[in-house]
Amino acid sequence: MIIEASHTYFGGGYVLLEQILDYCETNRIATEVYVGYRDVFEKIRARNYRQVRLVKTNSISTLFRYFRKRSNVLFFCNLPPFVRNEQSVLYAQNYLLFETPRFTSQITLVYNIKKFVYFHLIKNFSHNVSDVVCQTVPVQQILQKNLGINARVYPFFRDMHQLELTKRYDFCSIGSGEPHKNLGRLLDAVESLSARYTFTLVVTLDGRLAHRELQNRIERINNKFQRTVITNLGHIHYEHIIHVYHSSRAMVFPSLAETIALPLIEAQQCGITVISSDLPYTHNVLTNPITFDPEDVGSIEEKMEGFLLDKYSHVSQELKVQSKLDDFIHILL
């Protein structure tokens, strides 16, 4: 099996890629995986897989490979090959690329161009694979409506094991500082709420220059209240994220756009209360979701305050999805 993952960086996509590689290792499936980022390459290499041949690639080499006729290839980065690849799968994970592209000032010019290019490449070349696979029914519906693609739904995610840890934080929020993660509004809600309540939030904002303003905001809020309201752990690996969940009382997740929203699934498996955006991705994976309007700081603040006042102790949340990784991999074999 071959995996094209040259554009996969840390985040939800990397977590899913690592899960696939773990599965291939456990089930002795010989796998060749192409990655483009040095940090990702080193992270995977450190796992010492025996069944996985890891290849560091670049944009030119990737382009040439996408013009080769191959088989048993998983195209993991939303982009289909330019020629027919038999018994191969396009994994459609970023639904923002499947929406009809319209220029908007809310995202960068580069990302506007990327959305336009990807949309038309997916539309014109997705027939070059045997199957298009996505994680949720809403994404399946978007692919059908906007691109005329009949995708198959195979959600997959890790099973989180239980730990007995001291609750150090009232809330956790797992995610990057990308604009659609909506961390800025969460920080606004935390700052306002901190004027009336003493509580703690832990985040996983990485140290990239593009996120400097959010980092500065965290520092200003902590200085304003002369205590550590917000702890930023930076980018941390999966093995450490499970400790964050078990060290928190609740997850607050204000994202504006997700496919399957892995942090919600992981948090529920760890037995903590999930408070999330009132958007389809939340309702797709959880029963009895506690939701807010992600574009309304007051709404986020209200639900966080409700948790601090123990208003949701009677709410029982369960997962509505099951992992189908085994079925997904067997499409490629």
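What the table shows:
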item: Matching strands (runs of 3 or more DSSP E) fully within the stretch 118-206 where at least 1 residues are of a type in the set (S, T, Y), on the phi > 0 side of the Ramachandran plot and touching a residue at least 60 places away in the same chain (Cβ under 8 Å); result: none
item: Residues located in the stretch 115-138, provided they are under 19 Å from the mean Cα position of the chain (by Cα) and surrounded by fewer than 17 Cβ atoms within 10 Å (Cβ to Cβ); result: V137
item: Test for S194: is it polar (S, T, N, Q), assigned by TED's automatic domain parsing to the domain that holds P254 and modelled with pLDDT under 95; result: no
item: Answer from V15, V83, V40 - the residue that is in a helix (DSSP H, G or I) and either within 24 Å of V132 (Cα to Cα) or free of Cβ contacts under 8 Å to residues at least 24 places away in the same chain (or both); result: V15
item: One residue from V89, V52 being under 13 Å from M1 (Cα atoms) and either touching a Cys at 6+ places or on another chain (Cβ under 8 Å) or free of Cβ contacts under 8 Å to residues at least 24 places away in the same chain (or both); result: V52
item: Residue that is surrounded by the most Cβ atoms within 10 Å (Cβ to Cβ), among those in the stretch 52-76 that are touching a strand residue (DSSP E or B) at 6+ places or on another chain (Cβ under 6 Å) and in a loop (DSSP other than H, G, I, E, B); result: F76
item: Matching residues, the stretch 139-171, being crowded, with 18+ Cβ neighbours inside 10 Å, under 20 Å from the mean Cα position of the chain (by Cα) and either over 27 Å from L21 (Cβ atoms) or polar (S, T, N, Q) (or both); result: Q140, I142, F171
item: Test: residue in the stretch 38-48 that is more than 23 Å from the chain's Cα centre (by Cα) and surrounded by 15 or more Cβ atoms within 10 Å (Cβ to Cβ); result: no
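The values are calculated or read from the model by the stated rules, or taken from the named source; none is laboratory data. Treat the numbers as computed from the prediction; the structure is a model and nothing was measured. When we count neighbours, we look across all protein chains shown, and the Cβ atoms used for this are built from the backbone with ideal geometry, even at glycine.
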